[in-house]
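Below is one structure; the comments refer to it alone.
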Amino acid sequence: MSKLTRLGGDLYTGRKSINFVGRKWLWYAISAVIIVVVVLGLSVKGLNLGIDFKGGTRYTVTISGQASQKLADQLRDAVGTSGVPEAETPTVMTAGDHSVVIETKTINENSADDDKVMSAITKTADVKANDISRVGVGASWGKQVATKAATGLVVFLVLVVLFIWGYFRQWKMSVAAVVALAHDVVITVGVYALSGFEVTPATVTGFLTILGFSLYDTVVVFDKVRENTKNLRATRRSYAEAANLALNQTLVRSVNTSIVALLPVIAILYVSAVQLGTSTLKDIALALFIGMAAGTYSSIFIATPLLVHLKSGEKEVVDAERRARARIKQADKYADVPVFTDDLPVADEPAELADAEPGPTDEADVDEPAGSRTASRPRSDPMGRGRTAPSQHRPVRESGASGRPQPSRKPRSKRGK
């Protein structure tokens, strides 16, 4: 059995535990710092909206040979240095095997600037003007996409709240899940602002996709929390302890699921960003990568600790916490005796104790007279719940009533017969 498998078993049974719930203020502080950073980045840099959202001009170049990334880079440099202010930072991407798409800010058709851009494209790609199609994109379509996405997000959140409330019968779970969901979206949008990646309709698709992944992981953890807290009196745990056990029991599953989901996303992000340059795959892959990572973090460190925080004032939870504290106070401090196992370390007896002469409390003093000082010294042997055994006043001897018949008490039904 590997160490990782053994660790997963220990976490599930409770032999080992990571205190997620008890350190909730640390997780809140980490999330607060991340959110402040991304919000500042969003307010300072803003989102790099694509042509579909802010409008512009799109040139599609059809070439006879293979559309390579090298050609796309050459066209980006040629159009950017053409002397047209609207084309200083063009977006160039390959589209299929024989097409290259160039997007700029809005350039009036048949103007001098349009002619400069067309000339730069024809010279660099070695194509004719008839091989270039020019399309003006208005910002209205992008606004419609943003409006539809916002509407879909609101509908999704409402359905999520109703589903969790109806399934778990606890509205506080709905609140915790929605807060974790908002946490993931804010971090993803902020990272997009800080990285400067272009926001396209594919990015919006990625945003909507991460909502489902984050919610899935949170619901799995909440289901285990409900199972562990179904009968707190019988489990002899507080609500926080039962919820923390649920997090430990689902920890390995959450991490493994996230790693398996992130590996292909990382591969897509590398291929699209490094090898293909600017592409639609890069936009959706970055949103998926940041959203999945944030969703795994929020389901473990934010959603469940926040749920415990919200329920900390309920009577049942308070009573369970009080019972747990009372059991800790009544626990025997001598009861924690190590159980023998094969790998239990063996400690040799200290040499000074082994070679020492028998002291007044050793076996040599067993026959000492009862009235002596050492015989009346209180013993330090632990008994019961940490109590000290009383001292012996006189030696034990036979009782005078040992040979007499002892009285017995008959049951009430046989008395007087």
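Residues of region 116-130 being surrounded by 13 or more Cβ atoms within 10 Å (Cβ to Cβ) and outside any loop (DSSP other than H, G, I, E, B), which ones? Talk me through it step by step, then tell me what you get.
We begin by selecting, within region 116-130, every residue surrounded by 13 or more Cβ atoms within 10 Å (Cβ to Cβ); these are 116-122, 124-125, 127.
Within region 116-130, Lys116, Val117, Met118, Ser119, Ala120, Ile121, Thr122, Thr124, Ala125 qualify.
When region 80-108 is filtered for residues that are touching a residue at least 40 places away in the same chain (Cβ under 8 Å) and over 43 Å from the mean Cα position of the chain (by Cα), the ones remaining, listed by number, are Thr106, Ile107. Whether any residue in region 144-152 is within 49 Å of the chain's Cα centre (by Cα) and basic (Lys, Arg) is what I want to check. Within region 144-152, one or more residues are within 49 Å of the chain's Cα centre (by Cα) and basic (Lys, Arg).
If you take the residues of region 113-146 that are without any contact (Cβ under 8 Å) to a residue 60 or more places away in the chain and basic (Lys, Arg), which of them is farthest from Leu71 (Cα to Cα)? In this case the residue turns out to be Lys116. Just one residue in the set Val127, Val117, Val155, Val100 is of a type in the set (A, V, I, L, M, F, W, C), in the same structural domain as Ile210 (by TED's automatic domain parsing) and out of contact with any Asp or Glu (no Cβ under 7 Å at 6 or more places or on another chain); that residue is Val155. Filtered by the rule that a residue be acidic (Asp, Glu) and either more than 19 Å from Phe53 (Cβ to Cβ) or surrounded by fewer than 16 Cβ atoms within 10 Å (Cβ to Cβ) (or both), region 162-212 gives a lone residue, Asp184. The helices (runs of 4 or more DSSP H) located wholly in region 211-329 that include 1 or more residues which are of a type outside the set (Ser, Thr, Tyr) and free of Cβ contacts under 8 Å to residues at least 60 places away in the same chain occupy 232-235, 239-270, 280-298. Just one of the numbered conditions (1) closer than 16 Å to Leu215 by Cβ; (2) modelled with pLDDT of 80 or more is not true of Thr151: (1).
Checking Val225, Val219, Val308, Val271 one by one, the residue that is β-branched (Val, Ile, Thr) and more than 20 Å from Ala177 (Cα to Cα) is Val271 and no other.
This table checks each residue for (1) modelled with pLDDT of 85 or more; (2) surrounded by 12 or more Cβ atoms within 10 Å (Cβ to Cβ); (3) more than 23 Å from Lys282 (Cβ to Cβ); (4) aliphatic (A, V, I, L, M).
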{"residue": "Gln66", "(1), (2), (3), (4)": "no, no, no, no"}
{"residue": "Leu71", "(1), (2), (3), (4)": "no, yes, no, yes"}
{"residue": "Glu86", "(1), (2), (3), (4)": "no, yes, yes, no"}
{"residue": "Pro90", "(1), (2), (3), (4)": "no, yes, no, no"}
{"residue": "Ala95", "(1), (2), (3), (4)": "no, yes, no, yes"}
{"residue": "Glu103", "(1), (2), (3), (4)": "no, yes, no, no"}
{"residue": "Asn108", "(1), (2), (3), (4)": "no, no, yes, no"}
{"residue": "Asp114", "(1), (2), (3), (4)": "no, yes, yes, no"}
{"residue": "Ile132", "(1), (2), (3), (4)": "no, yes, yes, yes"}
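Look at region 41-52: where a residue is of a type in the set (D, E, K, R) and a partner is in a helix (DSSP H, G or I), sitting 6+ places away or on another chain with Cβ atoms under 6 Å, you get Lys45/Ala193; Asp52/Gly142; Asp52/Pro201.
The values are calculated or read from the model by the stated rules, or taken from the named source; none is laboratory data. Quick caveat: nothing in here was measured; it's all calculated off a predicted structure. Quick reminder, even Gly has a Cβ in these numbers, built from the backbone with ideal geometry, and neighbours come from all protein chains shown.
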